[in-house]
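**Q** Before I ask anything, let me first share the structure, which is written out below as structure tokens.
The values are calculated or read from the model by the stated rules, or taken from the named source; none is laboratory data. All values derive from a computational prediction rather than experimental measurement. With ideal geometry, Cβ positions are generated from the backbone for all residues, glycine too; neighbour counts draw on all protein chains shown.
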Amino acid sequence: MMNSLSKERKTTREIEKTTDHRHLDLNDLKELRVSMLPPQAQKKMKSWIRSRHLIRSGNFFIFETVEYSTVEKFQDCLKALGGTLISVKPMKKIWIGDHRRVVLYQAKASLHTPHHDLQQYWIKYGSFHTRFDERA
């Protein structure tokens, strides 16, 4: 019996054995993506809490970054922990150094699962303002 985790970990070689390269459909391409395991996801979320990229606001987690690929990693972490990404908004352009402006993205997420301790971790190590907030 194959569970969903082992199905998500299907390798490219296994897909090549079962299908022809030229006829891969969308489901096969989705299976190529290896999902993140919950312990890895929780460790990454904790590092974002310590670095003040991830804060808690009411019942939601707010994540801010200047790299959209990091928002995608955040979404993978949420998926591994049973949460959902609610929205991603480009907030403003901020200066990095003297000559470079980048877009600041803010992601809002919900994570209401009983098996994680991220809220308690945020209470102990987190902040009320992200590192990009002018007030902090």
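**Q** Looking at I86, is it within 15 Å of L54 (Cα to Cα) and at pLDDT 90 or above? Let's see the steps before the verdict.
**A** Numbers: within 15 Å of L54 (Cα to Cα): yes; at pLDDT 90 or above: yes.
Considered against the rule, which asks whether it is within 15 Å of L54 (Cα to Cα) and at pLDDT 90 or above, I86 comes out as yes.
**Q** So, one more: Quick check on H116: is it out of contact with any helix residue (DSSP H, G or I) (no Cβ under 7 Å at 6 or more places or on another chain) and at pLDDT below 95?
**A** Numbers: out of contact with any helix residue (DSSP H, G or I) (no Cβ under 7 Å at 6 or more places or on another chain): no; at pLDDT below 95: yes.
Judged against the criteria, H116 is not a match.
**Q** Then there's this: Can you work out which of the residues in the range 42-59 that are of a type in the set (G, A, S) and not in a helix (DSSP H, G or I) is farthest from E72 (Cα to Cα)? Break it down into steps so the answer makes sense when it comes.
**A** At the first step, the residues of the range 42-59 found to be of a type in the set (G, A, S) are 47, 51, 57-58.
From the residues that got through so far, the ones that are not in a helix (DSSP H, G or I) too are 51, 57-58.
On the way: S51: 18, S57: 20, G58: 23 Å.
Out of the qualifying residues, it is G58.
**Q** Also: Considering each residue of the range 71-106, count those that are surrounded by 17 or more Cβ atoms within 10 Å (Cβ to Cβ), free of Cβ contacts under 8 Å to residues at least 40 places away in the same chain and of a type in the set (S, T, N, Q), and give that number.
**A** Residues that pass the stated criteria total 1.
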